[in-house]
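The values are calculated or read from the model by the stated rules, or taken from the named source; none is laboratory data. From a predicted model like this one, the values you see are computed outputs, not experimental measurements. Note that each Cβ is placed from the backbone with ideal geometry, even for glycine, and that neighbours are counted across all protein chains shown.
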Amino acid sequence: MGSLLTNDQQYVVEMLQEHSENPSGFLALNDGNLYFRDPEIDGIICYRSVGRYWIQFGGPIAGAEDRGELFDRFRRSARRANRRVVAVQIPSGDAGLYAERGLRVNQLGMSYAVELADFSLRGKKFVKLRNKISRAGRLGVEPVEVGLDGHEAELGEIDRAWLRSKGRFTKEIEFMIGEVGGAAQSMRRLFLARLDGRPIAYISFSPVYGERPGWLHDLSRRLPDSPPGVMEAINSGAIEKFRAEGVPWLHFGFTPFTGLDPEHGLPTANPRVDRLFRLLATKGSFLYPAQSQLEYKMKWNPNHLVPDYIAFEGRVSPSMVFSLATVANLI
């Protein structure tokens, strides 16, 4: 797992491998995260402290019999520190845990995954996707798996160009998306696209554990002048390699404000928050490009879709919204 991991991060990896069913669980290892542990419970909770809030990522990483108690102790610790708890990107299996404790629990979005055993790009439904990948190949795009060492400067150039293309006030979203580099990099996989020998785009994949193990299609970036189909070509090359290795699942991860449906609602949901998320689903591209993200994921015909949730104590306040925006680096 690499000598750069802290003791807490090493423990997070162990807990993820033993207990996590969250396809985005590896994001708990992002730099800057804090970890709550209790000496009497085998488990850990990932969070960040912003303003008056402890903002938790994902559900408690522990055995099913310990998750509720671990969260209760985390919540009591937050109260002693005069903080309130907000939990984001909670997997569906943990949503009831928060609702049972009286927190408001609203669907925040959906996670998507593809089973690779029988996956193929053959057939009419993949005609457009195949054409994009073929066109990229004809233009000279070459996908390849690489290590990060020796490519840091090139990836940094891609990142900066990608960010500039989004507008002068756009910032890099944090916390709920992955990263390249850092202590856990040796556990990720990096696929790069070259054109005439020049790196033009990349996708970083993070490991996924649990009942549907595999890889998470995580951070992806490209130069603004990259040929059409470059990201599809990289992902197709990665899928071929994963299938050859016998990898069971490719996860596309969480997309906020998508797949919202009353059938996924919990009794403690806040109706105003539901209305806000439905509004952001149609009008919120300025905040997050959810629809373009969804369109890309649906190209691969995901066959496993599960809702993700947000949970919070009390009412929605301006300070809570500000803290969430701050932790995601939206402001």
Any residue in the range 278-300 that's under 21 Å from residue 132 (Cα atoms): show its pairings with residues that are in a helix (DSSP H, G or I) at Cβ separation under 6 Å, as long as the two are six or more apart or on different chains. 299/129
Of all residues being of a type in the set (Asp, Glu) and touching a residue at least 24 places away in the same chain (Cβ under 8 Å) in the range 226-272, which is farthest from residue 151 (Cα to Cα)? Just the residue, please. 261
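What residue, of 312, 277, 322, is under 19 Å from residue 111 (Cβ atoms) and surrounded by 15 or more Cβ atoms within 10 Å (Cβ to Cβ)? Steps first, answer last, please.
Numbers: 312 fails: under 19 Å from residue 111 (Cβ atoms); 322 fails: under 19 Å from residue 111 (Cβ atoms).
So the residue among 312, 277, 322 that is under 19 Å from residue 111 (Cβ atoms) and surrounded by 15 or more Cβ atoms within 10 Å (Cβ to Cβ) is 277.
Output the number of residues of the range 1-32 satisfying the condition of being among the polar types (S, T, N, Q), part of a helix (DSSP H, G or I) and either outside the structural domain of residue 56 (by TED's automatic domain parsing) or more than 21 Å from residue 249 (Cα to Cα) (or both). Talk me through it step by step, then tell me what you get.
To start, the set of residues in the range 1-32 that are among the polar types (S, T, N, Q) comprises 3, 6-7, 9-10, 17, 20, 22, 24, 30.
Restricting the remaining residues to those that are part of a helix (DSSP H, G or I) gives 7, 9-10, 17.
Narrowing further to those that are either outside the structural domain of residue 56 (by TED's automatic domain parsing) or more than 21 Å from residue 249 (Cα to Cα) (or both): 7, 9-10.
Of the residues in the range 1-32, 3 are among the polar types (S, T, N, Q), part of a helix (DSSP H, G or I) and either outside the structural domain of residue 56 (by TED's automatic domain parsing) or more than 21 Å from residue 249 (Cα to Cα) (or both).
Here are some residues: 269, 290. Which one is closer than 30 Å to residue 127 by Cα and either surrounded by 14 or more Cβ atoms within 10 Å (Cβ to Cβ) or within 16 Å of the chain's Cα centre (by Cα) (or both)? I'd like the intermediate steps shown before the answer.
Details: 269 fails: closer than 30 Å to residue 127 by Cα.
Sole residue among the options that is closer than 30 Å to residue 127 by Cα and either surrounded by 14 or more Cβ atoms within 10 Å (Cβ to Cβ) or within 16 Å of the chain's Cα centre (by Cα) (or both): 290.
For every residue, the table says whether it meets (1) at positive phi; (2) of a type in the set (Phe, Trp, Tyr); (3) within 19 Å of the chain's Cα centre (by Cα).
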| position | (1), (2), (3) |
| --- | --- |
| 203 | no, no, yes |
| 208 | no, no, yes |
| 214 | yes, no, yes |
| 218 | no, no, yes |
| 225 | no, no, no |
| 236 | no, no, no |
| 240 | no, no, no |
| 248 | no, no, yes |
| 262 | no, no, no |
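Every residue, every condition in (1) surrounded by fewer than 19 Cβ atoms within 10 Å (Cβ to Cβ); (2) touching a residue at least 40 places away in the same chain (Cβ under 8 Å); (3) not in a loop (DSSP other than H, G, I, E, B), yes or no:
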{"residue": "122", "(1), (2), (3)": "yes, no, no"}
{"residue": "126", "(1), (2), (3)": "yes, yes, yes"}
{"residue": "143", "(1), (2), (3)": "no, yes, yes"}
{"residue": "149", "(1), (2), (3)": "yes, no, no"}
